[in-house]
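Step one of this worksheet: look at the structure below.
The values are calculated or read from the model by the stated rules, or taken from the named source; none is laboratory data. If you're wondering where the values come from, they're calculated on a predicted model, not measured in any experiment. Neighbour counts are summed over all protein chains in view; Cβ atoms, including those assigned to glycine, are modelled from backbone coordinates with ideal geometry.
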Amino acid sequence: MKILLTGANGQLGKQVQQLAPPGMQLVALTSDQLDLTNAEQVQVLVRHHQPDVVINAAAYTQVDKAESESGFAFAVNQHGVANLVNATNANTRLIHISTDFVFDGHSQVPYPTNAIPNPLSVYGQSKLAGEQILQQQVSTHSCIIRTAWLYSAGSKNFLHTMLQLMQTRDSLRVVADQRGTPTSAAGLAVAVWRAVQLPQVNGILHWTDEGETTWYGFACEIQRLGLEYGLLQEQVPIHPIATSDYPTPARRPAYSVLDKESTFAALGLRALPWQAALATVIRQLANN
Ligand SMILES: NC(=O)c1ccc[n+]([C@@H]2O[C@H](COP(=O)([O-])OP(=O)(O)OC[C@H]3O[C@@H](n4cnc5c(N)ncnc54)[C@H](OP(=O)(O)O)[C@@H]3O)[C@@H](O)[C@H]2O)c1
C-alpha cells in the first residue's frame with residue numbers, strides 16, 4: 001500500500017514515520033516539500049505519487065497566534081484540506097487529524113464523536129472548517145481522528161516545556177481548571193496506522209490516551225516521573241492556578257475529554273492510561 005504523509009517534520013508526522021508497519025510504502029513530505037496552501041503543488045505531488053492513502057498530519061497549530069493570524073490558520077487548516085481533497089481521486093482514502101478544540105468545553109461528560117462542535121478559538125474554527133470539507137466531499141472512505149494534548153519526546157510541547165522549567169525555575173504555576181487528556185503522539189501514530197489498515201473505518205474517530213486530568217495534574221505527574229527516572233534532580237513546588245490567572249489570546253475549552261469507546265471498538269485497539277504512556281516517553285528520554 002502506498003501512503004503519502006504530510007507534515008512529516010511535526011510531532012505526529014515524526015512518530016508516524018517511526019512506527020510505519022512493515023510493507024507500507026511511505027512517502028513522507030515536509031512543509032518545504034509539500035505546502036498544503038499551494039494548490040498546484042499539492043495537485044502535482046499527489047498525482048505524481050498516486051497514494052492509496054493520504055495521512056494529513058500537517059496543520060497550523062499555533063493556538064494563540066491564530067487569533068491574530070486567522071488568514072494563515074484557515075489557509076492551512078481549511079483551504080489546505082480542500083487542496084488535498086481536490087488533488088486525490090475517488091479511490092484515495094484520507095486520514096485527517098483534528099482536535100478537541102472544536103468543542104466549547106461546556107460538557108461535564110466525555111464528548112462522543114457525534115457531539116455538536118462549537119469552537120471557542122480561531123484555531124478551533126479553522127480545524128472545524130477542515131473537518132467540514134472532508135465530511136462534505138469524501139466522508140464515505142475517509143476518517144477524521146480528533147485528538148488532544150499531544151506530546152512526544154521531541155521539543156515544542158508541554159512535556160518538554162515543563163521539564164525545562166522544572167530545571168530552571170524555583171517554582172511553577174500551572175492551570176488547574178482545564179480538564180482533558182494528555183496523549184502520546186506515538187500512541188496516536190499507532191492508531192493512525194491501524195485506521196490505514198482498516199479501509200472500512202470511516203467518519204469521525206476520537207483518539208486520546210485513557211483517563212483525564214488538568215494541566216496542573218499533568219505537570220505534577222511529569223515531575224514525579226522525571227524525578228523517578230532521573231531526568232530531574234530536585235523537586236520544585238507546583239502551584240495550581242485558574243485560567244483567569246494566566247490570560248492567553250485564545251480561549252480554551254474548560255473540559256475537552258473525548259469519548260473514545262466507539263473508536264476503540266472500530267479499530268480493535270485501546271489507548272493506554274495517560275500516566276502509563278507518559279512513563280514510557282519519560283523512560284525513553286532518560287535512556288537517551
Ligand atoms: N499538538 C497538540 O496538542 C494537538 C492537539 C489536538 C490536535 N492536534 C492536531 O494533531 C495534528 C498534528 O499536530 P502536531 O502536534 O504534530 O503539530 P506540529 O508538531 O505543529 O506539526 C504540524 C506540521 O504541519 C506542518 N505545516 C504547517 N503548515 C503547513 C503547510 N502549509 N503545508 C504543509 N505542512 C505544514 C508544520 O511544518 P513545519 O515543520 O515547517 O512547521 C509541522 O511540521 C494536527 O492536525 C493538530 O491540529 C494537535
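Within the bounds of segment 21-31, is there any residue that is closer than 30 Å to Pro253 by Cβ and surrounded by 15 or more Cβ atoms within 10 Å (Cβ to Cβ)? Yes - at least one qualifying residue is present in segment 21-31. Residue pairs whose Cβ atoms lie under 6 Å apart, separated by 6 or more positions or on different chains, with the first residue in segment 119-133 and over 16 Å from Leu94 (Cα atoms) and surrounded by fewer than 21 Cβ atoms within 10 Å (Cβ to Cβ) and the second modelled with pLDDT under 95 and polar (S, T, N, Q), do not occur. When Arg194 is tested against (1) free of Cβ contacts under 8 Å to residues at least 12 places away in the same chain; (2) more than 21 Å from Thr61 (Cα to Cα); (3) of a type outside the set (Gly, Ala, Ser), only condition (1) is not met. For segment 244-255, the criterion of being crowded, with 21+ Cβ neighbours inside 10 Å and not basic (Lys, Arg) is met by at least one residue. The set of residues in segment 31-64 that are more than 23 Å from Asn91 (Cα to Cα) and in contact (Cβ under 8 Å) with a residue 60 or more places away in the chain comprises Ala59, Tyr60, Thr61, Gln62, Val63, Asp64. Residue count for segment 195-239, restricted to those that are in contact with a Phe, Trp or Tyr (Cβ under 9 Å, 6 or more places away or on another chain) and on the phi > 0 side of the Ramachandran plot: 1. The single residue among Ala20, Ala28 that is touching a residue at least 60 places away in the same chain (Cβ under 8 Å), touching a Leu at 6+ places or on another chain (Cβ under 6 Å), more than 9 Å from the ligand (Cβ to nearest atom) and of a type outside the set (Val, Ile, Thr) turns out to be Ala20. Among the residues examined, His79 does not qualify as modelled with pLDDT of 95 or more and either more than 12 Å from the ligand (Cβ to nearest atom) or among the polar types (S, T, N, Q) (or both).
Does Asp100 satisfy the criteria of being charged (D, E, K, R) and surrounded by fewer than 18 Cβ atoms within 10 Å (Cβ to Cβ)? Spelling it out, it is not the case that Asp100 is charged (D, E, K, R) and surrounded by fewer than 18 Cβ atoms within 10 Å (Cβ to Cβ). Tell me yes or no: at least one residue of segment 224-232 is surrounded by fewer than 19 Cβ atoms within 10 Å (Cβ to Cβ) and under 26 Å from Leu19 (Cα atoms). Looking for residues that are surrounded by fewer than 19 Cβ atoms within 10 Å (Cβ to Cβ) and under 26 Å from Leu19 (Cα atoms), one finds at least one in segment 224-232, hence yes. Contact map, segment 162-190: first residue without any contact (Cβ under 8 Å) to a residue 24 or more places away in the chain, second residue outside any loop (DSSP other than H, G, I, E, B) and not hydroxyl-bearing (Ser, Thr, Tyr), Cβ cut-off under 7 Å, separation 6 or more or different chains; pairs are Leu165/Leu172. Scanning segment 1-10 for residues that are part of a strand (DSSP E or B), of a type in the set (A, V, I, L, M) and within 14 Å of the ligand (Cβ to nearest atom) yields Leu4, Leu5. Residue count for segment 91-130 satisfying the condition of being small (Gly, Ala, Ser) and more than 14 Å from the ligand (Cβ to nearest atom): 2.
When segment 131-184 is limited to residues that are among the hydroxyl-bearing types (Ser, Thr, Tyr) and near the ligand (Cβ under 9 Å from one of its atoms), the one that is nearest to the chain's Cα centre (by Cα) turns out to be Thr147. Go through segment 173-221 residue by residue and tally those that are assigned to a helix (DSSP H, G or I) and either closer than 27 Å to Gly130 by Cα or in contact with a helix residue (DSSP H, G or I) (Cβ under 9 Å, 6 or more places away or on another chain) (or both). So the count comes out to 17. A residue that is touching a Gly at 6+ places or on another chain (Cβ under 6 Å) and not charged (D, E, K, R) occurs nowhere in segment 62-76.
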